[in-house]
1. Where residues in region 348-370 are part of a loop (DSSP other than H, G, I, E, B) and in contact with a helix residue (DSSP H, G or I) (Cβ under 8 Å, 6 or more places away or on another chain), which of them is modelled with the lowest pLDDT?
2. I'm told residue 484 meets every condition in (1) outside the structural domain of residue 374 (by TED's automatic domain parsing); (2) in contact (Cβ under 8 Å) with a residue 40 or more places away in the chain; (3) closer than 30 Å to residue 113 by Cα except one. Can you identify the failing condition by its number?
3. Output the residues belonging to region 386-414 that are outside any helix (DSSP H, G or I), under 25 Å from residue 483 (Cβ atoms) and either touching a strand residue (DSSP E or B) at 6+ places or on another chain (Cβ under 7 Å) or in contact (Cβ under 8 Å) with a residue 60 or more places away in the chain (or both).
4. Any residue in region 293-320 that's at positive phi and in a loop (DSSP other than H, G, I, E, B): show its pairings with residues that are surrounded by fewer than 18 Cβ atoms within 10 Å (Cβ to Cβ) and at pLDDT below 95 at Cβ separation under 9 Å, as long as the two are six or more apart or on different chains.
5. Do we have residue 150 as surrounded by 14 or more Cβ atoms within 10 Å (Cβ to Cβ) and over 18 Å from the mean Cα position of the chain (by Cα) here?
6. Taking region 12-47 as the search range and keeping residues that are at positive phi and touching a residue at least 40 places away in the same chain (Cβ under 8 Å), which one is surrounded by the fewest Cβ atoms within 10 Å (Cβ to Cβ)?
7. Going residue by residue through region 57-69, is there one that turns out to be surrounded by fewer than 23 Cβ atoms within 10 Å (Cβ to Cβ), on the phi > 0 side of the Ramachandran plot, without any contact (Cβ under 8 Å) to a residue 24 or more places away in the chain and over 21 Å from the mean Cα position of the chain (by Cα)?
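The values are calculated or read from the model by the stated rules, or taken from the named source; none is laboratory data. These numbers were taken from a predicted model, which means no experiment stands behind them. Heads up, the Cβs are rebuilt from the backbone with ideal geometry, glycines too, and the neighbour counts pull from every protein chain shown.
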């Protein structure tokens, strides 16, 4: 891993493709800290655009793409390393999200990665704690999005318990208040459904013992505004205030007859679902009062992006924690990592790899390549792929985690060309080339000897690979020669020609 940090860009940006709203935050870096210079927000309600088959409707796609083109005018000129864009619950759920993301990235001018619910929760907690006046208390953070609700309990900057629940203000409003009917029966059904989602985790969160509860989403801020304007509470959101809001909603009878001072038109269609979820959260978690924070996912993205630039990358910590839990042989992992990165340094230019990205992913894959041995030796590379693909790995987007799992799978035996082809298009060629490097390093360390390898030379020209050893070294190590001959056969099936001299 690099020992020096990259220069911090003068301007950085975070884009959050939420199920309800799209947000963009642009910040100038001053003394290494972000100073917000621009905020853009558009209500897209992507979650309401999912049809029964889980596909994004044409009008929802169009709203989203038009928004991203506008965002793109602001950030298209910025370097890729200074912009981070992520999609959340609706893009996790949509069956055609990959097709949509191709168009979305063209509209924005930057790559967009879908993140897991747990990663979304981590980033929300980071955004809240970094923007609160007292960052060191034990707190519960709640974020009600359009398609999911995140709960995070932690102390200072460290999240300790995280959950992402399948309930959001848009999805609940559509499901439990059909045609906008605001009835007691519909409310009770929505509240019960939310309590059922909470039931498996509520005791664990209540036992955490928080000092304060903070709401982070636009839905919760909208409810807090209503509570204050109507005089239902002047000290944050309370159970009594939620009951007053429920009464006002049910009195209207239908969404199109709802008129509440302080409720913006864009929030009307989803307020009932959000309020029912919040009511269930207060009941299920025994919340007495909730204050609001301006910080949320996009602020978390900004701080996380700065952390990556400074080499304080939570992804590296996730990899080491997973390796430790799985009893990985650290000495062997270090040997493979050292050789893999040495080979990368010699071919990075000829193969046109992004050195920093390749260095990171090859380092992490080397650390985890034997993780499957904790299950069984037979097919352990396949077990390792499954573990890495399905573990909660903080800091990783879902495509990044897929890439890492693929490299773990690819380190031995048959070259998995078909699996590599499942990766996003811009990673296909780099992943194939990174896989060949880790495969060579694993072969060279098959004996698990602590003795250092000789000086190695590696040259590449497209799919031609030449591996050079000092004179007579291979004659003195016939098993390595045989292993490389076998590896050449595996690589030839993928169109690579390995020559050993």
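1. Within region 348-370, the first condition is being part of a loop (DSSP other than H, G, I, E, B), and the residues that meet it are 352-354, 369-370.
Still in the running and in contact with a helix residue (DSSP H, G or I) (Cβ under 8 Å, 6 or more places away or on another chain): 353-354, 369-370.
Values: 353: 93, 354: 89, 369: 98, 370: 98.
My answer is 354.
2. Just one mismatch for residue 484, condition (3).
3. Of region 386-414, the ones outside any helix (DSSP H, G or I) are 391-397, 410-414.
Next, only the ones that are under 25 Å from residue 483 (Cβ atoms) stay: 410-414.
Answer for region 386-414, where residues must be outside any helix (DSSP H, G or I), under 25 Å from residue 483 (Cβ atoms) and either touching a strand residue (DSSP E or B) at 6+ places or on another chain (Cβ under 7 Å) or in contact (Cβ under 8 Å) with a residue 60 or more places away in the chain (or both): 413, 414.
4. 311/1; 311/2; 311/3; 311/4; 311/5; 311/6
5. Details: surrounded by 14 or more Cβ atoms within 10 Å (Cβ to Cβ): yes; over 18 Å from the mean Cα position of the chain (by Cα): no.
Considered against the rule, which asks whether it is surrounded by 14 or more Cβ atoms within 10 Å (Cβ to Cβ) and over 18 Å from the mean Cα position of the chain (by Cα), residue 150 comes out as no.
6. So the first thing to find is which residues in region 12-47 are at positive phi, and the list is 31-32, 45.
So of that shortlist, the ones also touching a residue at least 40 places away in the same chain (Cβ under 8 Å) come out as 32, 45.
Numbers: 32: 10, 45: 23.
Here the answer is 32.
7. There is no residue in region 57-69 that is surrounded by fewer than 23 Cβ atoms within 10 Å (Cβ to Cβ), on the phi > 0 side of the Ramachandran plot, without any contact (Cβ under 8 Å) to a residue 24 or more places away in the chain and over 21 Å from the mean Cα position of the chain (by Cα).
Table: residues versus (1) closer than 24 Å to residue 22 by Cβ; (2) surrounded by 20 or more Cβ atoms within 10 Å (Cβ to Cβ); (3) out of contact with any strand residue (DSSP E or B) (no Cβ under 6 Å at 6 or more places or on another chain).
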site: 265; (1), (2), (3): yes, no, yes
site: 268; (1), (2), (3): yes, no, yes
site: 271; (1), (2), (3): yes, yes, yes
site: 282; (1), (2), (3): no, yes, yes
site: 288; (1), (2), (3): no, no, yes
site: 295; (1), (2), (3): yes, yes, yes
site: 298; (1), (2), (3): yes, yes, no
site: 302; (1), (2), (3): yes, yes, no
